[in-house]
Structures are given as structure tokens and as C-alpha cells.
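Values quoted throughout were computed directly from the atomic coordinates according to the rules given, and no laboratory measurement underlies them. Note that this is a predicted model, so its numbers are computed, not measured. Note that each Cβ is placed from the backbone with ideal geometry, even for glycine, and that neighbours are counted across all protein chains shown.
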Amino acid sequence: MSELKNDRFLKALMRRPVDRTPVWMMRQAGRYLPEYRAVRAQAGDFMSLCKNTELACEVTLQPLERYEMDAAILFSDILTIPDAMGLGLYFETGEGPKFRKPVRTEADIDALEVIDTASDLAYVTDAVTMIRRELNGRVPLIGFSGSPWTLATYMVEGQSSRDFARAKTMLYTQPELMHQLLEKLSLSVIDYLNAQIRAGAQVVQIFDTWGGALSHAAYAEFSLAYMQKIVDGLISHHDGRDVPVILFTKGGGLWLEKMADTGCHALGLDWSTDIAAAKGRVGDRVALQGNMDPAVLRADPAVIESQVESILKGFGAGSGHIFNLGHGITPDINPDHVKVFIDAVHKFSAKY
Ligand code: CP3
């Protein structure tokens, strides 16, 4: 493997000193980019794009062609695992993901098989291998998965949801059944992320998008406990380097200490958390990633710059900060505003 030319992101994850704060964006390859929309049209639809190795590689690199980012993230989706489990994933325009066969009963969950990434999701590891080759050491590559709880919400609901009525009903009325589902998903996620690491992912992020919808006690029992199993089950060292793990629970600001206790290397913060307070609570144990509200990117350049500066100031001096948005960038954002954002991080962060 070629030498890494820009290792700011890896250094910051290990809380080592850097010349300036590294930056990337959740959903950096996506619909706000006209060149992404063109390639997706060429592929036909989103899942065909994920399954086409060359095109998935091409869209992964698109944001790096436009902006000076310090990391690439594999172009794929968290719902590849339930799709490989046979649930029949499809996307209806404007409505988000759906499953033809949601899991609702004990029989449905009994019938689920833990995935074998090598045979079921080779298109993902093939993309990782090709992206690493094409990156040629430019920046590190992030692999990812959904958390078991987040995947379970989609599998039980059969689609996106506002209140998680079905998933929470299962959690409170048949907790052992929910645990059985989460156990199968954890084993699948471990296999999936380890396969991405072996194929060349240098960092992995676990997206616990819906952990914040749980009660205090339910978060510990139904989401964090399974992320803990995953952290414990991951390959910790590969190709001569540690493999850092980032946990991102959206709405997880109350639980940062517990998340840091898992032994992960970094926590992703959404915009509801004050980064200075977060640093005071866990900054001596983990790096922090975040946390500008993606909606700021709709504002004028001057506002974007001042918001970037205030987050940098909030984190203050010292290492262990990776700049990011508090959640994924939305399709309506003007790509020129992303340039303002990335440039602002470069411009203001050297002094911290
Ligand atoms: O960050 C990146 O650039 C890497 C690619 C990536 C995608 N999805 C591409 C994508 C990543 C890391 C994800 C994660 C993902 N997928 C999450 C967790 C992250 C989060 O946002 O909290 C979730 C919940 C999903 C499930 C999912 N996939 C949803 C809800 C949707 C619909 C989104 C919408 O706004 O319509 C998707 C589709 C999807 N995944 C798109 C992209 C670029 C848009 C599909 C398209 O091109 O039409």
C-alpha cells in the first residue's frame, strides 16, 4: 500500500498534534453535487450506484476533486446489511428507503441469517479496494456501518419513521425478541466492518442515527451495549496502523461519558452539544468530531465563517478535533457554500 500523504485525520483521531484541524462532511458524496446526480442517473438508481464498483468509486472521489478534504468516506449505505439479509431494500423518490419484507414476528427474526460479507456484500469490499487504489495515499478512507439499533428501526418499521412505534412496541413488549434481532445485527456488523478494514478502510464510523430516540435506560441496553460488542469485536490494528473507531449517536449528547467508556477513539457530535462542554467531559479520553449545524450552509458566507470560527474556538487549543457537520449535508446546499465552509476551517484552525 502506498504511503499516506495526508494523515491529519488519523493523527487527530489519536489526539496527536496537527498543523490544522482536519475536516470532512457526513454525506459529502451526494445530491448537492451536480456531478453526483449525473453519475446516479447513469447508474439508474441509488442502489445500482452502490453496487457498481467503478461508479461507487467515482462518486466517493468527487468531493475530493472539488474541495480540500482530509478524508474520503466509502460511498454505500447503512441498509446494505438488511438488504443482504433478504429484506428487499428499495428507494422511492422523495420517500426514503423501504423494505418489501420488514421483520415483525418471532418467525421473521428466527429466519434471519447473520451475513457473510465475503459472499453477500462483495460489492462493498470491492469498492473499498478500488477506492484505496485510486486514492493512492491522498487521504485516509473511512468505512462505516449503521448501529444495530438504527438498522433494527428500519427493519422493523419497514421504512423511515418519526416515532418508531413498531420498533419501540417490540422493545417494550417483547424485549428478548428485540435483543435477538440486535444480537444477529451486531455479529453481522462486526463481520461487515472487519471485511471493510481488511479491504483497506483505515477508520470506521458507526452511525447510530436513531439512538437519541431512546430513553436513558433503553439507550444503554438496546443501543450502546451492542455498539460495545462491535468495538470489542473489531480488528484494532491493520497494515501497520491502529484502526480508529468513531461512534456517532445523533442526539447522544447526554451519554458522551458512556460512549467514551466503550473504548472507541472518537465521538461524533451533533449540533445540539456544546463542543467546549463535551471536551471538558471526555476530551482527555477520545477525540471529538463535529459539529456545525448543516443548516448553517444555507446562510451567507460570512455567517458560515463565523459559525466555523466559533466551533474552533469552542474546542480551543490542543489536539483531538476533527471538523464535521453535526449530521449529513442536505441536497439543497449550494456547492459554493461548501467551499466557503472547508476553506474557513483551513483558514481559522491553524491558530488552535
Ligand atoms: O457520507 C457519505 O458520503 C457516504 C455515503 C452514505 C450514504 N448513506 C449515501 C446515501 C452514508 C454514510 C449513509 C448512511 C446512512 N444511510 C444513514 C446514517 C447516516 C445518517 O444520515 O444519519 C442512514 C439513516 C441511511 C439510510 C438512508 N439512505 C436514508 C434515510 C436515505 C434517504 C435519504 C434522503 O435524504 O432521501 C438513504 C439514501 C442515500 N444514502 C443517499 C445517499 C447519497 C441519497 C440517495 C439518492 O441519491 O437519491
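Odds and ends about this structure:
- Mean residue ellipticity, 222 nm, helices only, the chain: the sum of -39500 (n - 2.57) across DSSP H runs of n ≥ 4, divided by residue count and rounded to 500, is -13000 deg cm²/dmol.
- Net lengthening on full extension, Glu95/Glu257 (0.36 nm per residue, minus Cα-Cα): 54.8 nm
- Centre separation in Å (Cα based) which lies between segment 59-124 and segment 191-264: 17 Å
- Directionally averaged shadow of segment 170-219, computed from the convex hull of its alpha-carbon atoms, nm²: 4.1 nm²
- The orientation-averaged projection of the convex hull spanning the C-alpha atoms of segment 1-140 amounts to 10.6 square nanometres.
- Volume of the Cα convex hull of the chain, divided per residue and given in Å³: 119 Å³
- Here is the P(r) of segment 96-249: all C-alpha pair distances, binned every 10 Å from 0, give 11, 39, 33, 15, 3, 0 in whole percents.
- For segment 71-148, the average shadow cast by the Cα convex hull is 6.5 nm², which is a quarter of the hull's surface.
- Loop GluC sites (Glu not before Pro), segment 33-111 (other Cβ atoms within 10 Å of the site Cβ: 11 or fewer; DSSP): Glu95
- The three principal axes of the Cα atoms in segment 197-352 give end-to-end lengths of 44, 40, 32 Å, sorted in falling order.
- From least to most packed, judged by other beta carbons within 10 angstrom and beginning with the fewest, His237, His337 follow the order His237, His337.
- Label separation (Ser306 vs Asp110): 6.2 nm, computed from points 7 Å beyond Cα along the C-beta direction.
- Lysine-lysine proximity count for segment 8-349, Cα under 15 Å, sequence distance 8 or more or distinct chains: 7
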